[in-house]
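Only one structure is covered here, and it is reproduced in the block below.
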Amino acid sequence: MAILEADRDVMLDRREDFEPHLVALLDAKRARQGRSGYKPRKAQDVAERLGRLLGAHGVQGHARNVRRMGGGASKEQFLFDLVDPASGATEQLVLRMDPLEGIVETSREREAQLIEAIGGTVPAPSVAFVDSDGRHMGQPAMITRFVRGDTKPRDATSGPSGVGIVIGERASAALIPQYLDNLVAIHGFDFARADLATYAVPQAGTTQAALWQLNFWERVLEDDQVEASPLLTYTACWLRERAPVCDAPVLLHGDYRLGNFMFDEDTLEMTAVLDWELAHIGDVHEDISYSLEPLFCSRDAQGRPLVASMMPVPAFLDGYAERSGRTIDPTVLHWYQVLNSFKLSVMNFASGVRAARDGTNHQSAFLGYLAACHVGLSGTLCHLLEGYGA
């Protein structure tokens with residue numbers, strides 16, 4: 001069937017409908033592409049730059065004992081002590097700094113705004129300093145106060161980025177209610193009354209919430225893919241044809257899963273929800289479906305997936321619905337499962353591979369490892385497209 005010129009214009013408009021701050025972010029990334037030779041930051045260089053940042057904020061203290069932290073698939077992370085020259089007292093702080101490119105392009109200014117707004121609603125690190133344009137640190141950076149806790153039991157093993165963590169029955173019994181309650185609290189947050197100047201709200205009663213996300217990740221695929229993927233191209237078309245309406249946009253964490261929360265193993269209290277860089281305002285089904293992603297689930301003795309390594313899928317869905325009073329639409333949930341599988345594939349198969357190939361990241365070998373996850377993600381995507389859930 002021929003596409004009329006008017007229809008083609010409408011389709012083009014829909015493809016170019018982005019959350020404004022995010023399209024500017026992608027434009028800036030595209031302008032940087034082609035540069036190479038990024039070198040991981042050395043502690044001495046980081047300490048010197050921290051001195052400039054602290055001075056610019058009028059802080060009399062100095063950074064000491066700068067050391068690299070493990071983890072972080074997309075950011076360079078350092079721990080350091082801020083020393084008060086008058087009293088000699090120290091405070092531990094965490095620095096998260098952008099490499100030239102990574103598996104995901106996000107904004108430190110935007111992340112800091114959200115963390116400062118959500119504090120008191122759910123446990124989260126508090127922001128100390130932000131260098132949103134990298135004027136002092138050389139790359140955009142955010143510094144938060146250190147929070148004690150672990151992402152897994154001390155005797156547990158796991159793969160990178162929280163993959164493969166096994167929580168265990170004792171900890172799960174205490175953490176499940178907190179995991180659910182924090183997610184409900186995030187979705188119930190009154191974002192309209194918060195200072196979130198870099199966030200935009202998709203129009204209620206339209207497909208804009210879904211299309212903003214699809215358009216963003218399809219643009220990332222277009223910019224970053226090293227080789228074409230028929231599966232991802234087909235998936236983007238599948239998603240566009242079935243984009244669901246969102247009646248009531250809510251605040252979303254964007255990466256709510258195993259490995260992105262910390263807890264005290266002695267008290268079994270959650271001490272922080274981490275990694276808010278993908279937070280945005282959209283459809284509640286997006287966050288719920290993200291927790292269902294098999295990559296972030298362990299398995300019970302019968303091989304059934306355990307959400308956040310703690311609870312079966314029905315228990316998670318029923319627990320969320322009971323606590324939130326929201327109705328989960330299976331069709332919309334399925335659409336967002338496909339979207340999340342699509343965007344994780346784009347991160348690892350496109351953005352991560354390009355950054356590793358071009359030498360624009362501090363851990364190219366790790367990005368190569370993550371690229372291998374595309375095999376499992378592709379299998380999940382095929383099952384979802386065939387009509388099967390998590």
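The values are calculated or read from the model by the stated rules, or taken from the named source; none is laboratory data. Just so it is clear, the model here is predicted, and its values are computed rather than measured. Methodologically, a virtual Cβ is constructed for each residue, glycine included, from the backbone with ideal geometry; neighbour enumeration extends over all protein chains shown.
Report yes if Val332 is in contact with a Pro (Cβ under 7 Å, 6 or more places away or on another chain), modelled with pLDDT of 95 or more and surrounded by fewer than 19 Cβ atoms within 10 Å (Cβ to Cβ), otherwise no.
no
Here Val338 does not fit the description of being at pLDDT below 95 and either more than 23 Å from Cys237 (Cβ to Cβ) or buried (at least 16 other Cβ atoms within 10 Å of the Cβ) (or both). Pairing residues of segment 25-49 that are without any contact (Cβ under 8 Å) to a residue 24 or more places away in the chain with residues that are aliphatic (A, V, I, L, M), at Cβ distances under 8 Å and at least 6 apart in sequence or on separate chains, gives Gln44/Val66. Against the test of being over 17 Å from the mean Cα position of the chain (by Cα), under 19 Å from Val46 (Cβ atoms) and not β-branched (Val, Ile, Thr), the options Asp150, Asp133 yield a single qualifying residue, Asp133.
The number of residues in segment 215-255 that are touching a Lys or Arg at 6+ places or on another chain (Cβ under 6 Å) and either closer than 28 Å to Ser298 by Cα or surrounded by fewer than 19 Cβ atoms within 10 Å (Cβ to Cβ) (or both) comes to 3. Reported count of residues in segment 15-36, each being within 18 Å of Val226 (Cβ to Cβ) and at pLDDT below 90, is 5.
Of all residues in segment 361-370, those satisfying the criterion of being in contact with a helix residue (DSSP H, G or I) (Cβ under 8 Å, 6 or more places away or on another chain) and surrounded by 20 or more Cβ atoms within 10 Å (Cβ to Cβ) are Asn361, Leu367, Leu370. Of the residues examined, Glu269 is one that is surrounded by fewer than 18 Cβ atoms within 10 Å (Cβ to Cβ), touching a residue at least 60 places away in the same chain (Cβ under 8 Å) and not basic (Lys, Arg). Scanning segment 217-228 finds no residues that are outside any helix (DSSP H, G or I), closer than 20 Å to Thr121 by Cβ, free of Cβ contacts under 8 Å to residues at least 24 places away in the same chain and not small (Gly, Ala, Ser). Looking at Ala210, Ala204, Ala192, which is the one that is part of a helix (DSSP H, G or I) and surrounded by fewer than 20 Cβ atoms within 10 Å (Cβ to Cβ)? Going through Ala210, Ala204, Ala192 in turn, just one is part of a helix (DSSP H, G or I) and surrounded by fewer than 20 Cβ atoms within 10 Å (Cβ to Cβ): Ala192.
Test of understanding: among Leu278, Leu258, which residue is buried (at least 24 other Cβ atoms within 10 Å of the Cβ) and in a loop (DSSP other than H, G, I, E, B)?
Leu258
Working carefully through the options Ala112, Ala117, Ala124, find the one that is over 15 Å from the mean Cα position of the chain (by Cα), at pLDDT 95 or above, buried (at least 19 other Cβ atoms within 10 Å of the Cβ) and outside any strand (DSSP E or B). Residue meeting the stated conditions: Ala117.
The residue that is surrounded by the fewest Cβ atoms within 10 Å (Cβ to Cβ), among those in segment 83-107 that are without any contact (Cβ under 8 Å) to a residue 40 or more places away in the chain and outside any loop (DSSP other than H, G, I, E, B), is Thr90.
So, in segment 356-390, how many residues would count as being part of a loop (DSSP other than H, G, I, E, B) and either in contact (Cβ under 8 Å) with a residue 40 or more places away in the chain or over 21 Å from the mean Cα position of the chain (by Cα) (or both)?
10
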